[in-house]
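*Asks:* Have a look at this one.
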Amino acid sequence: MPNLTKQILYFALVIALALYGLSLSIPRLQASLLYLPVQNAFIGYWNRKPIGPEQLPELKTRTEAAIAHHDHPRFHDGLSLLHYIEAGDEQAPLFQRREAYEQAIAEAEASLRAAPVQPRLWLRKAHAENWLSFTGDRSVDAFKMSVLTSRVEPTLLMSRLLLGYYLVGDLDEEGRALLRDQTLLAWNLRQRDLLQAIRRDELSYPRIKGLLSESHPDVVAEMEAETSGRVR
């Protein structure tokens, strides 16, 4: 009889633990199911299928509901991106764009508090803060964190350079060193894109030359040779 009692208690404990685990997993499952259409929309977005303004309200509602079920940094990241996409609508009134950028930053910060190693999200935050500010002070730290959390991110290199050279006058020595490093990486990994950005005046060649001329005159010479004298 004592052995039977122990067995009953053991099975009761197992059932209780299983029910407890199930109670924890159900909200996560509900959140994942709610977020699935948002995730699919992002897959299309990263494959150059735009998310239209008419889609944003439902996608934001779904993401907010997912957060209510399970407060996870991935969902805050997604909500930040949705607000960022909304803020990029140049046809929208400025006050609406500003509000959307502010919400994009707030959700980015919520995600980064829980999971700080997100270089793409740091960069998005830097771009949003740069749009909101008359100076580069607000976005410098986020720009630096994007690089520090993952130095070699080929898909982020050009976006980092576009922002970094826009902010170069506000960067401290650490920031300038990071921008110099990213420029050299782009020269090695994304040379064609870098040269095209220079030729289209998306990147300021004088600023690049000013940053690299003392430390890497060889790279500056190569850039000038590749652009056949069309940059100054």
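*Asks:* Show me the helices (runs of 4 or more DSSP H) found entirely inside the stretch 87-158 where at least 3 residues are more than 25 Å from Leu189 (Cβ to Cβ) and in contact with a His (Cβ under 9 Å, 6 or more places away or on another chain).
*Replies:* Details: elements: 94-114, 119-132, 137-149.
The helices (runs of 4 or more DSSP H) meeting that bar are 94-114.
*Asks:* Here is a follow-up. Can you tell me how many residues in the stretch 145-161 are open to solvent by 70 Å² or more (accessible area, probe 1.4 Å) and not basic (Lys, Arg)?
*Replies:* Here is the first cut: in the stretch 145-161, the residues open to solvent by 70 Å² or more (accessible area, probe 1.4 Å) are 148, 151-152, 155.
If we keep only those that are not basic (Lys, Arg) as well, we get 148, 152, 155.
Residues in the stretch 145-161 being open to solvent by 70 Å² or more (accessible area, probe 1.4 Å) and not basic (Lys, Arg): 3 in total.
*Asks:* Give the number of residues within the stretch 154-189 that are in contact with a Pro (Cβ under 6 Å, 6 or more places away or on another chain) and either under 14 Å from Glu202 (Cα atoms) or modelled with pLDDT under 95 (or both).
*Replies:* 0
*Asks:* Does the stretch 181-208 hold any residues that are crowded, with 17+ Cβ neighbours inside 10 Å and among the charged types (D, E, K, R), and which are they?
*Replies:* Hit for the stretch 181-208 is Arg190, nothing else.
This table checks each residue for (1) of a type in the set (Gly, Ala, Ser); (2) touching a Leu at 6+ places or on another chain (Cβ under 7 Å); (3) closer than 23 Å to Asp137 by Cβ.
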residue: Tyr165; (1), (2), (3): no, yes, yes
residue: Asp193; (1), (2), (3): no, no, no
residue: Asp218; (1), (2), (3): no, no, no
residue: Glu226; (1), (2), (3): no, yes, no
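*Asks:* Before we move on, is Ile67 more than 25 Å from Leu156 (Cα to Cα) and either among the basic types (Lys, Arg) or at pLDDT below 95 (or both)? Walk me through how you get there before you give the answer.
*Replies:* Values: more than 25 Å from Leu156 (Cα to Cα): yes; either among the basic types (Lys, Arg) or at pLDDT below 95 (or both): no.
So Ile67 does not fit the description; no.
The values are calculated or read from the model by the stated rules, or taken from the named source; none is laboratory data. None of the values given here were measured: they were computed from a predicted structure. We place every Cβ from the backbone using ideal geometry, glycine too, and count neighbours over all the protein chains shown. Just the protein is used for accessible areas: all its heavy atoms, side chains included, with ligands, DNA and RNA removed. Shrake-Rupley method; radii C 1.70, N 1.55, O 1.52, S 1.80 Å.
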